[in-house]
Amino acid sequence: MNETKREDVTVVIPAKNEESNIRYCLQAVAGQKTNAKVGIIVIDSGSTDRTVEIVREFAGVRLHRIPAEEFAHGKTRNLGASLAQGDVIVFLNADAVPVDERWLDELLLPLAQDPGIAGSYSRHVPLDDCYLYMKRDLNRSMPPEERVRDEDMLLDFMQFSTVSGAIRKDVWLLFPFDDDIAIAEDQDWARRVLDNGYNIAYASHSLVVHSHNYTNRQLYRIKYSVGLSFHRFDTRSGALIGGFVLAIGGFIVKACGDMWYIWKSGVNTKEKIRQMGIALGARAATFWGKYRGWNRRRTG
């Protein structure tokens, strides 16, 4: 791919130590059936495995390397957007592999149909070994039906996703990602563009395989960062009391839903019990981490 050639779309792929995924990801992107002129940028943040070596096997893929300490979810995606030559920027995680040759065109279709749509995002298909509570979350937040989200849907769980998502570059210039946000830079971006009158499309026919079986410790750290990143309470008492009520309520609602979903699943009884234990631990870590993050933000 000629770097000087005008691109319609630039696919930006952040990566670190992704030797087990990056080849499949790049092969899937390169194999798309589309009339768009597509460029690919991989931003590697200090890989110590074979990630960089594998990327260099793909002719025309632009590799941009940064030190590990310079990585941040919003900051690194802003870097990728600034390097992009296309009018549309597609962000794709290195461990998110497009399912078929229509992934890109299906993702771009809403942007072509409606100039009021700032971005679109794909449906995530869980891996075969994905924990059942996580499959439930993905099925609820990313159903088969397509939809357009507007400012009246700000409380929706999933508003946008840079795991596999497209953004108009002119909109990004007006609303770049927050460089300093610790996590969930895509949700922060979505709230700001929705507040400013744009819409976001969920392109359910654009599919990527992506899920994580996080440990409870990992979930705690992730949700703690989410609690730190998003303003939820104005006072210390609000964070302590209101946050506790939300955390307990969220745990009960989610855990009960998980138990029913797992019980109705087709797995054997031993596996049901195992999955229920996983779900309870994950929900407890999730809501405790978020609660601690809310309080640290108000009182730290």
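FYI, it's all coordinate maths here, none of it is from the lab. Since the model is a prediction, treat every value here as computed from it, not as a measurement. All Cβ positions, glycine included, derive from the backbone under ideal geometry; neighbour counts span all protein chains shown.
Taking all pairs of distinct Cα atoms, average 1/r, flip it, and tell me the Kirkwood hydrodynamic radius of region 216-299 in Å to one decimal place.
Hydrodynamic radius (Kirkwood, Cα pairs) of region 216-299 is 13.5 Å.
Sort His212, His124 so the one with the fewest other Cβ atoms within 10 Å of its own Cβ comes first.
Lowest to highest Cβ neighbour count: His212, His124.
Rounded to two decimals, what is Rg over Rh for region 1-121 when you use alpha-carbon atoms and the Kirkwood radius?
With Rh from the inverse mean 1/r over Cα pairs, Rg/Rh is 0.95.
Using a Gaussian network model on the chain with a 10 Å cutoff between Cα atoms, which of Asn213, Asn78, Asn35 fluctuates the most?
Greatest mean-square fluctuation among the candidates belongs to Asn35.
Provide the gained length on full extension for the span Ser20 to Ser204, in nm with one decimal, where the gain is 0.36 nm per separating residue minus the Cα-Cα distance.
63.6 nm
Roughly what angle does helix 103-113 make with the longest principal axis of the chain, taking Cα atoms, 0 to 90 degrees, to the nearest 10?
Roughly 90 degrees between the two axes.
Given all pairs of different Cα atoms, what value in angstroms does the Kirkwood hydrodynamic radius of region 183-245 take?
About 14.7 Å, per the Kirkwood formula over Cα pairs.
Say each of Thr215 and Asp195 gets a label point 7 Å from the Cα, pointing the same way as Cα to Cβ; how far apart are those two points in nm?
For the pair Thr215/Asp195, the computed spacing is 3.7 nm.
Which one, Asn139, Asn199, Asn268, has the greatest fluctuation when you compute a Gaussian network model over the chain with C-alpha springs under 10 angstrom?
Evaluated over the chain, the most mobile residue of the options is Asn268.
Using Cα springs under 10 Å in a Gaussian network model of the chain, which residue among Ala203, Ala282, Ala112 shows the largest mean-square fluctuation?
Ala112
Obtain the nm distance between the two label points defined at Ile273 and Ile241 by a simple spin-label model: each point lies 7 Å from its Cα along the Cα-to-C-beta direction.
4.3
What are the radius of gyration and Dmax of the chain, computed over its Cα atoms and given in Å?
Cα only, the chain: 19.6, 59 Å (Rg, Dmax).
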